[in-house]
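Below: one structure, written as structure tokens.
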Amino acid sequence: MTRTIIGIDVGGTFTDIAILKDGVLSIHKLPSTPADPSEGVRRGISEIDAGEADYVHGSTVATNALLEGKGGRTALVTTLGFEDVLEIGRQSRSDLYDLDLDRAPALAPWELRFGLPERVDYTGAILEDLNPAAVDTLLALLQDAEVDGVAVSFLFSFLNSLHEDKLLSALRGLPNSPFISISSQVIPEFREYERTSTVVVNSYVGPVMARYLGELEKSLGSGLRIMQSSGGSITARLAAEQPVRTILSGPAGGVVGAFHTGRQAGYPDIITLDMGGTSTDVSLCPGQIKETTSANLGGYPISVPMIEIHTVGAGGGSIARVDAGGALVVGPESAGADPGPACYGRGDQITVTDANLVLGRLRPAQFLGGRLALDENRSARLIGELAGRIGSSVEETALGIVRVVNANMERAIRTISLERGYDPRRFTLIPFGGAGPMHSCELAQELGIPRVLIPTHPGILSALGVAIADVVKDYSRTVMLRGEEINQVRLEEEFHGMEGQARGELGQEGLPAERMAARRFLDARYVGQSFELTIDCPDTSRRGDLQRSIANSFYRAHMQRFGYADRTEAVEIVNLRLKLELEMEKPQVLPQEVGHADPSDALLEEALVTFREGRLATGLYSREGLTCGNRVVGPALLLQLDTTIVVPPTWEGTVDPYGNLILEPARIPQQ
């Protein structure tokens, strides 16, 4: 008998729990508690009575602390003369034509940025030793400033960390015990701006995350793991030391769950659509989960490995309004969990959920399995007031709200597909989150995506992804190799050192390092280029073959990403990346035998539902009542605890052997 694994995903509106026991999945869902997310987690665990279990948590605490500016009071210590690197940054602008563009304020304000006399050159040689007297002065200043966190980022510390290590030892003696991060441990890579930004973010959110995880461990025990932005989990202690790696924790769980579901069903090329209460996250997986090390969240560069996820402010709770020019606008502001959509009865702001309710696409007495009754009259009254301001009917206004939010999500999918050289017509759309399956068919139709795969439990797919995520630890090192320097001996020496460090650290955490598989990657670029692409490290013993294999892999990646590749130009290796993985248990779903196509056993009733084509008689089905082979022809609504699936008039769906619903444009046009 295997140990129970519980995945927990805290969203803006709901807290989702996936319980995986002996390969069998069960689910639980309850409203989030934004004031204290851990309260909802503890309440949910008490309601399911899980007993002895391992917990994996997709946390939004670090994300919210960064975006809401609620992190700790943070100081930056750097090489003398480089105190303003956070202010200088790069010359790139997020909006080229916005003359009033304001940059995000530095997380370490000018009065808390300190430069120490020390210098290491570009080869790692020490030119100027760290001055002990300057360190003593710094400690006194930090103590007087009463900082919550300290970030240390010396120039070229990624080549020689001696000065950062010495300062770390001294900082640990501060009486107020601030949260301390040093760049040579968090991200030992070149590019001083991005490296400094990353380590400052780590110290900024560190005190908040450490307190949260400490309290959560008291409730859940030491078997707690935290989801990373890269799609793998780590122990709570490691997450508390490097919380910057959990910034996109929850959305990463959704991509992992969707990719597992799609691959199991025979669709490895997918586009994920995670539409929750506050935002929509989209990611493209061309046979594998794609990662990046050049993310930007809230205006702050973060250079740790993350799943490539694009986020827009489009969710079930996104607020609809009329702007100064008289246009209908939806989002990015959200009603969240409190007060929530108007139909929840506590607020009076119109949201996407209210529009779907007025259109009949949500059933007021069957929302969340009947545990939360929706006030349809309240939504209709408020949308009616909005309709009067724009000179439209209630139904036309509700349809307009849905069309606008769909357009926002459509742009997001184009950003990760067409703008990256991928044709969305070659992919399968996997929607999840509470609201994703309501909008997916209309989105797929606009983008030419041939099919939509709805998982068995789409509303808690992020929690499932968190539960089944492998234990993963990422390491990196800047090497700057070109020409004859690229050889198997040098690469093996560097990777061997990284693996030794990794297995030692993981062993201290009680993880079976000997069972963890190592994967090697290279950040490569044309010589002198200002950006890199990550490729697999080839396993080749002969030097000529090694260099040729690396170059060919880079040329292919460059062609895919940018549409061209110059095979006459030399390639250099900038960074080495190591990923250690421990595979975790996945739910064992046995395929069912295909039965009859008639879904009438699952039919509950018929109701009038509004679509683009008008107000149509629509079949309402119980999702749980459908069996393998059942074919549902639109218009139809499929009701289940964690979501409602909308099948438009020109679509039809078939239940596959794994319980997924495969939706495609109808083979026979509807009359």
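The values are calculated or read from the model by the stated rules, or taken from the named source; none is laboratory data. These numbers come from a predicted model, not from an experiment. Note that each Cβ is placed from the backbone with ideal geometry, even for glycine, and that neighbours are counted across all protein chains shown. Just the protein is used for accessible areas: all its heavy atoms, side chains included, with ligands, DNA and RNA removed. Shrake-Rupley method; radii C 1.70, N 1.55, O 1.52, S 1.80 Å.
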Per DSSP, loop trypsin sites (Lys or Arg not before Pro) in the range 105-199 with at most 15 further Cβ within 10 Å: R172
Mean Cα-pair separation over length for the chain, i.e. relative contact order, pairs under 8 Å, 6 or more apart, %: 12
Over the range 512-561 - Rg/Rh using Cα atoms and the Kirkwood inverse-distance radius: 1.08
Estimated FRET transfer efficiency (T415, D49; beta-carbon r; R0 51 Å; 0.05): 0.75
Given [x] 37.0, 131; [y] 26.1, 85; [z] 36.0, 126, the label whose value is Rg and Dmax of the Cα atoms in Å derived from this model: [y]
Loop GluC sites (Glu not before Pro), the range 36-76 (other Cβ atoms within 10 Å of the site Cβ: 13 or fewer; DSSP): E52, E68
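If you roll a 1.4 angstrom probe over the protein chains with everything in place, what fraction of the accessible area of the range 409-567 belongs to carbon and sulfur, to the nearest %?
Carbon with sulfur: 45 percent of the solvent-accessible area.
Number of Lys pairs in the chain with C-alpha atoms less than 20 angstrom apart, excluding same-chain neighbours closer than eight positions? Mind dumping the intermediate values first?
On the way: K21/K29; K21/K586; K290/K473; K290/K579; K473/K579; K473/K586.
Value for the chain: 6.
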Difference of contour (0.36 nm per residue) and Cα-Cα distance, A365 to A517: 49.8 nm
Once the Cα gyration tensor of the range 236-280 is diagonalised, semi-axes √(5λ) in Å: 25, 15, 7
Cα-projected label distance for A607 with D165, points at 7 Å along beta-carbon direction, nm: 6.6
Kirkwood-based Rg to Rh ratio, the range 342-481, C-alpha trace: 1.10
Theoretical FRET efficiency, 1/(1+(r/R0)^6), r = Cβ-Cβ of A145 and Q288, R0 41 Å, to 0.05: 0.35
Gain upon complete extension [T627, K218; 0.36 nm per residue less C-alpha separation]: 143.0 nm
Rg/Rg_ref, the range 555-671, where Rg_ref = 2.2 N^0.38 Å and atoms are Cα: 1.70
Accessible surface, the chain, averaged per residue in Å² (probe 1.4 Å): 42
Principal axis box of the range 393-543, alpha-carbon based, largest edge first, Å: 71, 42, 23
Point-to-point label distance, Q560-D423, nm (Cα→Cβ direction, 7 Å offset): 1.7
Sum of side-chain charges, R191 neighbourhood, beta-carbon under 14 Å (Lys, Arg +1; Asp, Glu -1): -1
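If the viscosity is 1.002 mPa s and the temperature 20 °C, what Stokes-Einstein diffusion coefficient in µm²/s follows for the range 94-151 when Rh is the Kirkwood radius over Cα pairs?
My calculation gives 145 µm²/s for D.
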DSSP-assigned coil residues among chymotrypsin sites (Phe, Trp or Tyr not before Pro) in the range 33-109, each with at most 16 further Cβ atoms within 10 Å: Y97
Label-point separation in nm, T137 to D84, each point 7 Å along Cα→Cβ: 2.0
When the convex hull of its Cα atoms is projected in every direction, mean area for the range 21-100 (nm²): 11.0
